Amino acid sequence: MRVLFISNYFPGDLGPLARVLAARPENDVLCASIRQRKDFVLPGVRRVRLKNCHALFGGGESSVSRIWEEVVQRGAGGLRSMQSLRESWGGPDIIFASLAAGAGLFAPQAFPDAFIVAYAESGLKNYSLLPQKLRNAWALMQGVLFLQGNLCYAFSEEERRLFAPQLQGGIRLVPPCVDTELFSKKAAEPWPGNGRPLLTLNAIGIEGPSLAELLKTAHLALRQLPQCRVVVLTENSARSLSLKHVADAWEDACRNRLEVYDALPFFRYRDLLAASSLVVCPGSGEAARRVMLQCMSCETLLMATPNAASFLRLGINMLELPAGDFADAVWAALRNIPPAGHPAPQARTARQNVLAQYSEANVVPRHLEEIILAWEAWSKQNRKQ
């Protein structure tokens, strides 16, 4: 069976499916994406680089008309690439595709005989800061691909509700999952200063009062714990620079122990989560939920809003992040963290929960089986016709 993956980023959300399919010798698996992790290899998966483009939702001003125009232009470029691929490789039996920031828009036209499995794409880091009108436009653009899909999936109920009511009934949900072997303390490399308290604040998708409270939290932790280090994760370089500018007014002893990242290499990001004493996630949405699940898999204590994800259990596998002013609550939790090498009870339970219910090894084969059964039924029906 020939299988083509089209995504904004490789391996991304579709990487686990590619890994499982490539492990079966009868499959020929190829992944086409705009961006790729050069240090990340999936055995048996060949990669094709689509034309690289700047981030669709970058730090600059966006408008609905400009986004539509860029998506169609990228779709035209993607179509040319896929037509060349068809001539050199042939046509796939199944295409697993997201809109790929526009590059996958015309995949059904490039491969009209393929079974199309379409996936929502709202986990982009900058997406969470978009005005509502741009989110609605992005969902509408994805709907063009979804209308041509044989199966359509979203990664959460919240994501499914972004689509037009006419489409929502036909969109299935992908269960959340994480690579529990990759995201584990056993697999991680040491983080600089390992053994000292490390507070990680996930500022992706956070702005206004909540962002100011995160900075207040960072400053409080650095002042009260002289050995503590703080890392802040952001969605783009402009946001990172603005946070660093605020921290310039802090005393040297605090500012020198603050790090802000918007583009950590993938494995270093994993190392950071595994080394953290506490990870604070004030946000919600796909980007935030992904961080939460990866943190839990690393057996690292998580502090978040309990209703931000279905897999959160207050006091059992995470701590509550109060609404509004939360700096004191984070400081109290950080002060009571067990010594390095002794995970908090909630962190141990979190890892156990993830292994039992949200491991890629359990979730992905079941999801893939659903797709293969639908493809086989579709193929049989087409042969009859």
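The values are calculated or read from the model by the stated rules, or taken from the named source; none is laboratory data. It should be emphasised that the depicted structure is a prediction, and the values quoted were computed from it without experimental measurement. As a convention, Cβ positions derive from the backbone with ideal geometry for all residues, glycine included, and neighbour counts pool all protein chains shown. Keep in mind that these areas ignore ligands, DNA and RNA; they rest on the heavy atoms of the full protein, side chains included. Shrake-Rupley method; radii C 1.70, N 1.55, O 1.52, S 1.80 Å.
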Problem set entry | Whole-number accessible area per residue in Å² for the chain, which is evaluated in the context of all protein chains at 1.4 Å | 45
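Once the Cβ-Cβ distance between Leu368 and Glu251 is put in as r, and R0 is 45 Å, what FRET efficiency do you end up with, to the nearest 0.05?
Result of the calculation: an efficiency of 0.25.
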For this session: Go through region 136-234 and name the trypsin sites (Lys or Arg not before Pro) that are in a DSSP coil and have 11 or fewer other Cβ atoms within 10 Å of their Cβ.
Result: Lys186
For this session: Under 1.5 on a/c is rounded, so check that first for region 141-183, then, if it is not, pick prolate when a/b is larger than b/c and oblate when it is not; a ≥ b ≥ c are the square roots of the alpha carbon gyration tensor eigenvalues.
Result: prolate
Exercise. So how do Tyr153, Tyr358 rank on accessible area, 1.4 Å probe, biggest first, that is with the largest at the start?
Worked result: Tyr358, Tyr153
Seminar exercise, completed: Taking every other residue with Cβ under 12 Å from the Cβ of Leu373 and scoring Lys and Arg +1, Asp and Glu -1, one gets -1
Problem set entry | Convex hull projection area averaged over all views, the chain, Cα basis, nm² | 19.0
Exercise. Hey, if we sort Leu264, Leu30 by accessible area with the 1.4 Å probe, largest down, what's the order?
Worked result: Leu264, Leu30
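Shape call for region 112-233 from the C-alpha gyration tensor, a ≥ b ≥ c root eigenvalues: rounded (a/c under 1.5), prolate (a/b greater than b/c) or oblate?
Oblate, since a/c reaches 1.5 and b/c is not below a/b.
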Exercise. Along the positive direction of the dipole of region 259-385 (beta-carbon charges: Lys, Arg +1; Asp, Glu -1; about the Cα centre), which of Leu278, Leu312, Leu355 reaches farthest?
Worked result: Leu355
Seminar exercise, completed: The set of residues whose placed amide H lies less than 5 Å from the amide H of Leu56, leaving out same-chain residues fewer than 5 positions away, is none
For this session: For Arg223 paired with Arg161, estimate the spin-label separation in nm (one decimal), with each label point 7 Å from Cα along the Cα-to-Cβ line.
Result: 3.9
Problem set entry | Over the chain: helical MRE at 222 nm, DSSP H runs n ≥ 4 each giving -39500 (n - 2.57), nearest 500 | -12500 deg cm²/dmol
For this session: Considering Cα pairs under 8 angstrom that are at least six residues apart, work out the relative contact order of the chain and quote it in whole percent.
Result: 14
Exercise. Charges only on Cβ, +1 for Lys and Arg, -1 for Asp and Glu: so what's the dipole of region 1-111 about the Cα centre, in debye to the nearest 20?
Worked result: 280
For this session: For region 235-301, calculate the relative contact order in percent as a whole number, restricting contacts to Cα pairs under 8 Å that are 6 or more residues apart.
Result: 30
Exercise. So who's got an amide H within less than 5 Å of the one on Met318, skipping anything under 5 residues away but keeping other chains? H placed 1.01 Å off N, in plane.
Worked result: Arg313
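With the Cα gyration tensor of region 240-348 giving a ≥ b ≥ c as the square roots of its eigenvalues, does the rule (a/c under 1.5 for rounded; else a/b larger than b/c for prolate; else oblate) give rounded, prolate or oblate?
Rounded, because the longest to shortest axis ratio a/c is under 1.5.
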Exercise. When the accessible area of the chain is split by element with a 1.4 Å probe, what percent falls to carbon and sulfur?
Worked result: 52
Exercise. In nanometres, what is the gap between the two model label sites at Gln83 and Glu207, each 7 Å from Cα along Cα-to-Cβ?
Worked result: 3.9
Problem set entry | Under-5 Å amide H pairs with Leu278, H placed in peptide plane, nonlocal only | Leu198, Thr200
Seminar exercise, completed: FRET efficiency (Glu320, Ala187; Cβ distance; R0 35 Å; to 0.05) is 0.75
Exercise. Can you give the relative contact order of region 72-192 as a percent, counting alpha carbon pairs under 8 Å and 6+ residues apart?
Worked result: 20
